[in-house]
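The values are calculated or read from the model by the stated rules, or taken from the named source; none is laboratory data. As the structure is a prediction and not an experimental result, all values here were calculated from the model. Here the Cβ positions follow ideal geometry from the backbone for every residue, glycine too, while neighbour counts run over all protein chains shown. Areas reflect the complete protein model, heavy atoms only, side chains present, ligands, DNA and RNA absent. Shrake-Rupley method; radii C 1.70, N 1.55, O 1.52, S 1.80 Å.
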Amino acid sequence: MEYVKNKPLESIDVDEYQNDIDSERTSFEKSFEEAMKESFDLSGRRSSSYDPNDPDKEYVPPRKLGWFMLFFLMCGYMVGVGVLSIPSAFETLGWIGGVFVLTSAYLITTATGYFLYYMAKRYPTVRSYAAMSRRLWGKPAMYFTATIAYSYFFGLVTSDLLTATLTWKNMLNKYHICTVVFFVISYAMIWITGQARSLFEVSYIVLIAIIFILVPIVIVCAKSPSIGDGLGKTYATSDTSFYQGLTASMDIIFAFTGHMIYFEFMAELKNVDDFRISLWLSQTFSYACYLTLAAVAYYYLGHTGKMESPVTLVIKHGAIHYVNDVFLVIHVTITCTIAGNVLSRVVQWTFQPLLVGGLRKFKDTGLANRLWWFLWTGVTYGASFVVAGLIPFFSSFIGIMTSLFSSFLTFIVPSAYYFWEFWHETRWYQKLLPLLCFIVGFLILTLGSYGTFRSLVVAIEHSEKPFSCHRKY
């Protein structure tokens, strides 16, 4: 290489050089950079990315979750009070129909969980459905998905608050206490439990929630033979009406729908690859719990006139009845904080910068930071308290939200993500599974909505006044 002697060195204008580089970047590269800075904050003011160059990475929960603790979180989130309606669904569908729907839901939701895992592997800095939708389809898709996802999160939190309230009411009904009192008690319990600031912290108390739902399941299985008194009848198939069969199928399918929080789970996971272990274990554990309870209760109580939904109501009196109710209240209170944690952080990231101009670092455990979290959790759960009290038919209203939003977020969106992202990297037969999941999700969305709209109309006709002291559902 030759050097030109005596030629003065020219200085390089760094800013001009950088501008040239910026002008050469494609729109794809620019949109990717924007996607790397996505977060719960829908206005894009802050980033929740774990990219090492992200200046805001210290404002989000660190990656502390292992697969074992994530397994507890996923089980606690899925194995809820909804499991107690599955035996009644088996009575409606029969053995073949019940097992078929349960097994199909297990396999399909496991597949859509894998779709989200593959997306998280490709875009590890994305931590929510809203962020992934913007990454793939832009801001309109982000706002649309965020509205659906966080509305459903709010609906779940409100539903849990209402369930805890009515369980208190059922447990202490003979004392004729106003239902509003139990609303306040449930709100206070959930607010206090919700002070865990990350899903990792929540995972430590979720084990209690799992135990406190398994105990009623075991009690029902143990008491079913004596309650049925040998009169149980079971059938391989059922001649039920379309509407009844559809409603029963929805009760089973929606027991597996927890996907809208999977990106948040993976965002706190030490190793995203471990998500596959937790997914398989939690899905299989849930499937085993559902099938065991349904099979035992249906075998001994089927078509005796004693089957109830939830099935714990078959035990109507005595100490065991109260034990079941206490355990259900504790279970619902704890599991409510999983969705509540995500929703409260959305509220905090949206409104706190408007009030004080920014956020404190997550690792800041000082009094001020904890008081801010105490405030935003109080606002979040307080809003649920108001809505649950104002809408006397909310139990049926959440059925509509579940049919529309849960099927959309569990089946349609994950399939669409995978289909869009890996279209050019998969063979034709590899495209069949996401297409099948998408079609199943669309059918559940449309058919499920038909059944729940009918239930909603009936509930509105027989609803109480807002904040009624005599509310029963």
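Within the option set A209, A141, A222, A248, being modelled with pLDDT of 90 or more, out of contact with any His (no Cβ under 6 Å at 6 or more places or on another chain), hydrophobic (A, V, I, L, M, F, W, C) and open to solvent by less than 50 Å² (accessible area, probe 1.4 Å) holds for one residue only, A141. Of all residues being in a loop (DSSP other than H, G, I, E, B) and modelled with pLDDT of 85 or more in the stretch 44-84, which is farthest from L354 (Cα to Cα)? Just the residue, please. Top of the filtered list is V79. Within the stretch 120-131, residues that are free of Cβ contacts under 8 Å to residues at least 40 places away in the same chain have Cβ atoms under 7 Å from residues that are surrounded by fewer than 24 Cβ atoms within 10 Å (Cβ to Cβ) and of a type outside the set (F, W, Y) in no pair, counting only partners at least 6 apart in sequence or on another chain. For the stretch 305-317, taking the residues that are open to solvent by less than 40 Å² (accessible area, probe 1.4 Å) and more than 24 Å from the chain's Cα centre (by Cα), the one that is farthest from G94 (Cα to Cα) is identified as I315. Restricting S406, S396 to those that are of a type in the set (S, T, Y), modelled with pLDDT under 90, open to solvent by 20 Å² or more (accessible area, probe 1.4 Å) and not in a loop (DSSP other than H, G, I, E, B) reduces the list to S396. T237 - would you say it is touching a residue at least 60 places away in the same chain (Cβ under 8 Å) and open to solvent by 70 Å² or more (accessible area, probe 1.4 Å)? Answer is yes for this residue.
Residues in the stretch 275-295 that are of a type in the set (A, V, I, L, M) and surrounded by 20 or more Cβ atoms within 10 Å (Cβ to Cβ): L279, L293, A294. What about Y290, is it more than 26 Å from the chain's Cα centre (by Cα), of a type outside the set (K, R) and part of a helix (DSSP H, G or I)? So Y290 fails the test.
Exactly one residue out of V387, V342, V379, V346 is part of a helix (DSSP H, G or I), open to solvent by 50 Å² or more (accessible area, probe 1.4 Å) and in contact (Cβ under 8 Å) with a residue 24 or more places away in the chain, and it is V379.
Quick check on R135: is it touching a strand residue (DSSP E or B) at 6+ places or on another chain (Cβ under 9 Å), among the basic types (K, R), at pLDDT below 95 and within 22 Å of V342 (Cα to Cα)? Criteria not met by R135.
So, T158, is that one polar (S, T, N, Q), part of a helix (DSSP H, G or I), within 18 Å of F419 (Cα to Cα) and open to solvent by less than 10 Å² (accessible area, probe 1.4 Å) or not? No. The residue that is modelled with the highest pLDDT, counting only those in the stretch 419-463 that are open to solvent by 80 Å² or more (accessible area, probe 1.4 Å) and part of a loop (DSSP other than H, G, I, E, B), is R427.
If the condition is being assigned to a helix (DSSP H, G or I) and closer than 16 Å to F327 by Cβ, then the stretch 170-184 contributes N170, M171.
Modelled with pLDDT of 90 or more, surrounded by 21 or more Cβ atoms within 10 Å (Cβ to Cβ) and aliphatic (A, V, I, L, M), is that true of A164? Yes; evaluated as a whole, the condition is true for this residue.
Does V99 satisfy the condition of being under 29 Å from T333 (Cα atoms) and either touching a residue at least 24 places away in the same chain (Cβ under 8 Å) or not polar (S, T, N, Q) (or both)? Criteria not met by V99. Hey, does the stretch 267-276 have a residue that's within 22 Å of V101 (Cβ to Cβ), outside any helix (DSSP H, G or I) and modelled with pLDDT under 95? Scanning the stretch 267-276 turns up no residue that is within 22 Å of V101 (Cβ to Cβ), outside any helix (DSSP H, G or I) and modelled with pLDDT under 95.
Criterion applied to I177, I108, I148 was being free of Cβ contacts under 8 Å to residues at least 40 places away in the same chain, out of contact with any strand residue (DSSP E or B) (no Cβ under 8 Å at 6 or more places or on another chain) and at negative phi, and the one residue passing it is I177. Looking only at residues in the stretch 100-124 that are over 20 Å from the mean Cα position of the chain (by Cα) and crowded, with 17+ Cβ neighbours inside 10 Å, the one that is nearest to L301 (Cα to Cα) is V101.
Only a single criterion out of (1) open to solvent by less than 60 Å² (accessible area, probe 1.4 Å); (2) not in a helix (DSSP H, G or I) is not satisfied by G230, namely (1). Restricting the first member to the stretch 357-368 and to residues that are assigned to a loop (DSSP other than H, G, I, E, B) and of a type in the set (K, R), and the second to residues that are open to solvent by 30 Å² or more (accessible area, probe 1.4 Å) and modelled with pLDDT under 80, the beta-carbon pairs closer than 9 Å and six or more apart or on different chains are R360/Y59; K361/E58; K361/Y59; K363/E58.
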